[in-house]
1. Put +1 on the Cβ of every Lys and Arg and -1 on every Asp and Glu Cβ in the chain; which of Q207, F86, V43 then has its Cα farthest towards the positive end of the dipole?
2. Averaging over every viewing direction, what projected area does the convex hull of the Cα atoms of the chain cover, in nm²?
3. Per 0.36 nm of contour for each residue apart, how much would the distance between V46 and C277 grow if the chain were fully extended, relative to their Cα-Cα spacing?
4. Checking the a/c ratio against 1.5 first, then a/b against b/c, what shape does the Cα gyration tensor give for segment 103-189?
5. If you average 1/r across every pair of different Cα atoms in segment 1-124 and take the reciprocal, what Kirkwood value do you get, in Å?
6. Tell me, in nm to one decimal, what length is gained between I148 and W206 on full extension, where the rule is 0.36 nm per residue of separation less the Cα-Cα distance?
7. With each pseudo-label sitting 7 Å past Cα toward Cβ, what's the E59-E285 distance in nm, one decimal?
8. Take the alpha carbon gyration tensor of segment 195-272, find the square roots of its eigenvalues, order them as a ≥ b ≥ c, and report rounded if a/c is under 1.5; if not, report prolate when a/b exceeds b/c, else oblate.
Amino acid sequence: MERRYKGILCIIGCAFCFALMNLFVNLAGDVPVLQKAFFRNAVALVFSSIVLFRTTKKEDRKLDKSNFWLLTLRSVAGGIGFICNFYAVDRMNISDASMLNKLAPFFVIIFSAIFLKEKANLFQWGAVIIAFAGSLFIVKPTFGMEAIPAVAGLIGGLGAGIAYTCVRKLGQVGTKSAFIVFYFSAFTSLMLGPIVLLQYEPMEWWQWGFLLLTGLAASGGQFCVTAAYSYAPAKDISVYDYSQVLFAAILGFFFLNQKPDIFSVIGYCVIIGVAVCVYLKQRSEKTGTSA
């Protein structure tokens with residue numbers, strides 16, 4: 001039981017770090033999204049390199065050719081996911097953007113059924129449908145340009161869902177989490193580097209500071225989530241990751257004067273409510289009791 005509590009603390013720490021990351025992205029101001037994304041992952045690359053070389057054996061740092069395409073798909077999907085999330089964070093309430101990104105676990109259900117042949121039951125499919133219905137309260141579908149940030153937020157959740165599905169498969173074949181994080185950080189930094197170099201826009205010292213803090217917060221989030229799932233299985237602790245929305249709402253209110261509207265709050269309640277139901281269902285199946 002003690003390990004489960006450690007897992008819960010780590011996943012809440014992860015949620016807080018990623019909420020801070022979204023805040024710092026917004027506070028960095030008028031900097032191109034790709035430039036923000038590059039500095040976020042360049043900092044993460046430094047930290048993931050240190051962790052990789054200090055905590056893993058030499059053989060665990062080598063690229064297994066059989067996993068190359070899976071690692072690359074994880075990196076491409078994850079890269080698109082966090083770039084879209086950054087775009088959404090810049091243009092809507094950070095709590096709304098965080099909530100849309102938290103649709104990722106429901107995308108995992110879909111992609112795991114398609115690509116990993118992990119069959120979802122009717123309850124899980126129902127949870128996916130209700131969660132996406134709840135997301136409409138946040139997206140508030142329109143045919144105008146104002147809907148683009150929300151759509152980007154949804155795509156961010158989709159990208160994260162594909163990335164998490166790849167991570168799940170990589171974990172099943174024995175790829176170390178430190179190497180997965182390192183490969184992702186290195187891949188996206190190399191892909192974004194030339195673009196940022198050609199289209200670089202000068203930044204003020206305080207923007208450099210916020211982007212450094214963005215990278216530090218992202219690194220903290222990645223290490224916390226890795227530690228969390230080493231202490232306890234996902235079905236026991238993943239629901240606590242939704243605390244990021246609460247943290248984002250508090251940070252957005254105090255630092256950005258952002259207040260989610262009633263429709264967004266309804267969407268939060270629907271999605272988090274479904275996540276809690278899925279969590280309780282999984283717990284009851286594990287213990288053999290009724291939820």
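1. V43
2. 16.1 nm²
3. Here the segment from V46 to C277 would lengthen by 79.3 nm.
4. oblate
5. Hydrodynamic radius (Kirkwood, Cα only) of segment 1-124 equals 17.3 Å.
6. 18.1 nm
7. 3.5 nm
8. oblate
FYI, it's all coordinate maths here, none of it is from the lab. Here the structure is a predicted model, which means the values were calculated and not measured. Please note: Cβ atoms are built from the backbone with ideal geometry, for glycine as well, and neighbour counts cover all protein chains shown.
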